[in-house]
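Input: a single structure, listed below in structure tokens.
No value in this document is a laboratory result; all are computed from the given coordinates. Everything quoted here is computed from the prediction, not taken from an experiment. Here Cβ is always computed from backbone atoms with ideal geometry, including for glycine, and neighbour counts include all displayed protein chains.
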Amino acid sequence: MNWLIDFFGAAANWSGPDGIPARILEHLEFSAAAFLIAAVIAVPLGLLIGHTGRGALLIVVSANAARALPTLGLLVLVVLLIGVGTVLPVLIPLVVLAIPPILVNTYEGVRGVDADLRDAAYGMGLRGGQVLFRVLTPSALPLILLGLRLSAIQVVSTASVAAFVGLGGLGRFIIDGLATKTYSDVIGGAVLIALLALAVQLAFTVLDRVVVSPGVRQVR
Amino acid sequence: MITFEGVTKRYPDGTVAVDDLSLKAPTGAITVFVGPSGCGKTTSLRMINRMIDATSGRILLDDQDVRAIDPPTLRRGIGYVIQQAGLFPHRKIVDNVATVPYLLGWDKKKARARAMELLELVGLDSKLAGRYPFQLSGGQQQRVGVARALAADPPVLLMDEPFSAVDPIVRASLQDELLHLQSELHKTIVFVTHDIDEAIKLGDTVAVLRVGGRLAQMADPATLLSEPADDFVREFLGKDRGIRRLSFVPATGVRLGSAPTDLEVDEDTRPLGWRSNGGLLPYGTFNPERDSLRAALDAALLSPNGTAIAVDGDGRVIGVATRDALDEALTRQGTSPGERVSEPDREVPASDTRRAES
Ligand SMILES: Nc1ncnc2c1ncn2[C@@H]1O[C@H](COP(=O)(O)OP(=O)(O)OP(=O)(O)O)[C@@H](O)[C@H]1O
Ligand SMILES: [Mg+2]
């Protein structure tokens with residue numbers, strides 16, 4: 001408890017380029033960038049593979065890779081390959097981490113739509129694209145959002161690795177705190193990351209209320 | 001008119017689901033495909049709107065080969081109702097019904113107005129329009145499915161076991177409602193079922209298919225019941241063919257005598273019962289203008305003295321049919337298969353069907 005008071009109570013911790021607000025902002029920047037890139041790649045890919053049934057192998061590979069891949073190891077590898085100094089070494093592992101939950105859940109969402117529903121949609125005279133966007137996607141939306149949420153939370157929790165390669169973000173408190181044995185910083189940083197993850201969770205709960213049709217939400 | 005010309009469907013695994021099927025489904029009438037499970041009913045139906053393409057042969061819609069029409073365009077002009085309704089779960093009922101009008105580019109207001117009209121037509125309360133499909137009963141969903149299929153007023157309606165997932169009471173009311181709709185709309189309907197009673201109740205023409213996708217017999221229900229083509233059809237039709245056939249013989253020809261004095265009537269000459277020592281005995285009535293010979297016979301069986309009371313549309317006594325008179329009528333129809341009775345079994349007590357579901 002004292003550590004938390006030390007960390008959050010210190011006026012110096014609330015201003016300047018290494019203060020809490022600045023670090024949160026940096027942290028959110030990496031996370032948002034990685035998350036958005038991953039979403040732009042994985043959502044369309046998941047929809048397409050789910051709709052056509054072609055390329056399903058990619059889903060399996062991606063799902064397994066997600067479990068096996070060490071983010072930190074990947075970070076070190078990318079740094080070795082392209083060096084430090086840019087944001088890229090952080091972004092690449094985060095994007096790689098963020099893709100599988102989105103891809104797998106989007107795919108499963110589309111695949112899981114009732115065959116009768118799909119059939120009725122074609123039977124009414126919808127074309128392939130209309131079936132995908134007007135019927136399959138709205139029905140799969142709860143799962144798509146679940147994938148996005150899992151991915152966002154993972155990214156936010158993992159973005160602290162940026163500190164390993166000299167970049168900012170909330171990881172700084174942890175890394176620097178460990179180096180200087182300032183445990184109040186370590187714990188304070190960890191708490192902030194957890195709070196951020198909670199905020200993401202909350203944001204998605206709200207999003208779910210707004211974009212998912214009540215007709216689909218209830219059926220789940 | 002929908003014409004099958006030597007249509008065969010062989011699935012990639014070699015199964016021949018439909019074998020050289022040739023038949024005509026006349027315009028403005030209900031043609032029922034009936035047969036045991038796996039005999040190719042669904043396959044035949046789905047080749048009409050090209051959900052499945054035939055391996056060989058042709059299907060003509062009026063004079064046009066369906067293969068010449070791009071499938072989505074073709075399907076927008078053909079209503080399609082399936083067993084599990086297949087409503088879009090994320091859309092309100094009104095928007096579900098308006099699906100095809102939206103596709104055809106109607107403006108939203110017009111499409112929704114049309115949808116509301118159809119909900120009323122199929123007997124659904126307009127307050128259901130704003131609900132989502134999961135908030136409706138199975139029978140209500142099925143009605144929405146029918147409304148959706150009719151929304152853009154297509155001349156042709158394809159129905160694949162649309163009522164088989166609901167309980168018997170709701171099923172009967174949906175069947176009545178369909179006949180009622182058809183008497184106003186005169187669509188060309190192809191209806192698939194494995195239930196012979198449903199086929200006989202609904203069909204103007206019934207095509208009996210046997211496993212392997214061959215046509216066993218195609219005829220109107222009365223002919224089917226009186227002259228089944230072979231043992232397979234006879235067995236498939238089941239028991240009581242003779243009695244069931246009488247439903248299709250009008251009671252107009254029954255000789256009526258004047259009402260005997262022991263028939264008690266009220267001041268409007270509506271029947272009250274047969275007078276006897278112990279009070280009034282039960283009776284049965286039929287309307288010779290509307291009812292079938294089966295109904296007349298039933299009325300006779302309900303009276304202890306075997307005499308059926310003939311009434312007019314307002315329930316007033318116009319005469320009685322004695323056993324002898326009914327006997328004559330039965331003998332006559334035995335030699336000349338009667339024409340079809342149009343309305344009796346088909347009258348829809350609208351309020352009742354609605355009550356059955358709410
Ligand atoms: N996609 C398919 N691939 C291979 N065989 C199929 C396919 N669809 C149907 N069949 C076979 O074709 C035959 C006819 O099937 P169909 O669905 O038309 O029957 P049905 O008369 O509608 O039966 P039911 O009353 O059970 O619905 C069956 O033997 C079925 O197993
Ligand atoms: Mg079938």
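Sort out for me the Cα centre separation of the stretch A:1-51 from the stretch A:53-108, rounded to whole Å.
18
Strictly greater than 43 Å: what percent of every Cα pair in the protein assembly as shown meets that? Before the final figure, lay out each step's value.
Values: 73684 of 166753 pairs.
The share of Cα pairs beyond 43 Å in the protein assembly as shown comes to 44 percent.
Charges at C-beta only: +1 for Lys and Arg, -1 for Asp and Glu. How large is the resulting dipole of the stretch B:203-248 about its Cα centre, in Debye rounded to 20? Present the calculation step by step, with values, prior to reporting the outcome.
On the way: 7 positive and 7 negative charges, 23 e Å.
I would put it at about 120 debye.
For every other residue with a beta carbon closer than 11 angstrom to the beta carbon of A:P17, add +1 if it is Lys or Arg and -1 if Asp or Glu, then tell me the sum.
Residues near A:P17 contribute 0 overall.
Grab the other residues whose beta carbon is less than 15 angstrom from that of B:A152, score K and R as +1, D and E as -1, and report the net. Kindly include the intermediate steps, with their values, before the conclusion.
Values: positive: B:R75, B:R76, B:K108, B:K110, B:R112, B:R114, B:R148, B:K187; negative: B:D95, B:D107, B:E117, B:D153.
So the surrounding residues net to +4.
For the stretch A:18-219, what is the Kirkwood estimate of the hydrodynamic radius, computed as the reciprocal of the mean inverse distance between distinct Cα atoms, to one decimal in Å?
Working: mean 1/r = 0.0547 Å⁻¹.
That comes to 18.3 Å for the stretch A:18-219.
Taking neighbour Cβ counts within 10 Å as the exposure measure, how do B:S126, B:S247 sort from fewest upward? It would help to have the intermediate numbers written out before the result.
Working: B:S126 12, B:S247 20.
So the residues, fewest neighbours to most, are B:S126, B:S247.
State the answer as a single residue: which of B:S303, B:Q333, B:A259 lies farthest towards the positive end of the charge dipole of the stretch B:251-333, with beta carbon charges of +1 for Lys and Arg and -1 for Asp and Glu, about the Cα centre.
B:Q333
Once label points are set 7 Å from the Cα along Cα→Cβ at both B:R332 and A:V84, what is their separation, rounded to one decimal in nm?
10.8
Using a 10 Å cut-off on Cβ to Cβ distances, tally the other chain neighbours for every residue of A:209-217 and report the average as a whole number.
Working: counts 0, 0, 0, 1, 6, 7, 14, 7, 4.
Whole-number average of other-chain Cβ neighbours for A:209-217 is 4.
Taking 35 Å as R0, compute the FRET efficiency from the Cβ-Cβ separation of B:D107 and B:L128 and round it to 0.05.
Numbers: r = 23 Å, r/R0 = 0.66.
After rounding, the FRET efficiency stands at 0.90.
B:I169 to B:D268: FRET efficiency via 1/(1 + (r/R0)^6), r the Cβ-Cβ distance, R0 35 Å, to the nearest 0.05? Please list the in-between numbers first.
Numbers: r = 33 Å, r/R0 = 0.94.
In this case the efficiency is close to 0.60.
Ranked highest first by the average count of other Cβ atoms within 10 Å around their residues, in what order do B:215-228, B:109-122, A:4-17 fall? Intermediate values should be presented prior to the final figure.
Details: B:215-228: 20.0, B:109-122: 17.9, A:4-17: 12.6.
Order by mean packing, descending: B:215-228, B:109-122, A:4-17.
Under a cut-off of 13 Å between alpha-carbon atoms, report the aspartates and glutamates in cross-link reach of B:K110, not counting same-chain residues fewer than 8 places apart.
Qualifying aspartates and glutamates at Cα under 13 Å: B:D95.
State the antiparallel share, in %, of DSSP beta bridges confined to the stretch B:2-247, rounding to the nearest 5. Write down the numbers at each step before the final one.
On the way: 18 of 36 bridges.
Approximately 50 percent, going by the DSSP bridge assignments.
Using label points projected 7 Å from each Cα along Cα→Cβ, tell me how many nm separate A:R67 and B:K239, to one decimal.
5.9
Could you work out the mean count of beta carbons from other protein chains within 10 Å of each residue's beta carbon in A:113-121? Kindly include the intermediate steps, with their values, before the conclusion.
On the way: counts 1, 3, 2, 6, 8, 1, 7, 13, 3.
The shielding value for this peptide is 5.
Residues with beta-carbon under 15 Å from that of A:V210, excluding A:V210: net charge, scoring Lys, Arg +1 and Asp, Glu -1? Don't skip to the end; give the middle numbers.
Values: positive: A:R149, A:R209, A:R217; negative: A:D208.
Spelling it out: positives minus negatives among the neighbours equals +2.
With springs connecting C-alpha atoms under 10 Å apart, model chain A as a Gaussian network and identify which of A:V110, A:V135, A:V161 has the largest mean-square fluctuation.
Per the Cα network of chain A with a 10 Å cutoff, A:V135 tops the list.
Mind giving me the nanometre distance, one decimal, between the label points for B:S276 and A:T52, set 7 Å out from Cα along Cα→Cβ?
Rounded to a tenth, the inter-label distance reads 8.0 nm.
Return the sequence-ordered ³J(HN,Hα) values of the stretch B:177-194 in whole Hz as given by the Karplus equation 6.51 cos²θ - 1.76 cosθ + 1.60 applied to θ = phi - 60°, using x for Gly and Pro.
4, 4, 5, 5, 4, 4, 5, 9, 9, 6, 7, 8, 10, 10, 10, 9, 8, 9
Rounded to the nearest 0.05, what FRET efficiency do B:R255 and B:R58 have when you use their Cβ-Cβ distance and R0 = 60 Å?
Numbers: r = 51 Å, r/R0 = 0.85.
Efficiency for this residue pair is about 0.70.
More than 14 Å apart: what percent of Cα pairs in the stretch B:10-61 qualify? Don't jump to the answer; show the numbers that get you there.
On the way: 730 of 1326 pairs.
Value for the stretch B:10-61: 55 percent of Cα pairs lie more than 14 Å apart.
Using every pair of alpha-carbon atoms in the stretch B:251-333, split the distances into 5 Å bins beginning at 0 and state the percent of pairs per bin, rounded to integers.
3, 17, 30, 26, 15, 6, 2, 0
Take A:L103, A:L202, B:L326, A:L91 and order them by how many other Cβ atoms sit within 10 Å, fewest up front.
Numbers: A:L103 26, A:L202 10, B:L326 22, A:L91 17.
Arranged by neighbour count, lowest to highest, A:L103, A:L202, B:L326, A:L91 become A:L202, A:L91, B:L326, A:L103.
Order B:187-197, B:303-313 from most to least packed using the mean count of other Cβ atoms within 10 Å. Please report the intermediate quantities before stating the final value.
Working: B:187-197: 21.2, B:303-313: 18.9.
Descending packing order for the listed peptides: B:187-197, B:303-313.
Using the number of other C-beta atoms within 10 angstrom as an exposure proxy, rank B:L246, B:L209, B:L23 with the fewest first. Intermediate values should be presented prior to the final figure.
Values: B:L246 23, B:L209 26, B:L23 17.
Fewest-to-most Cβ neighbours within 10 Å comes out as B:L23, B:L246, B:L209.
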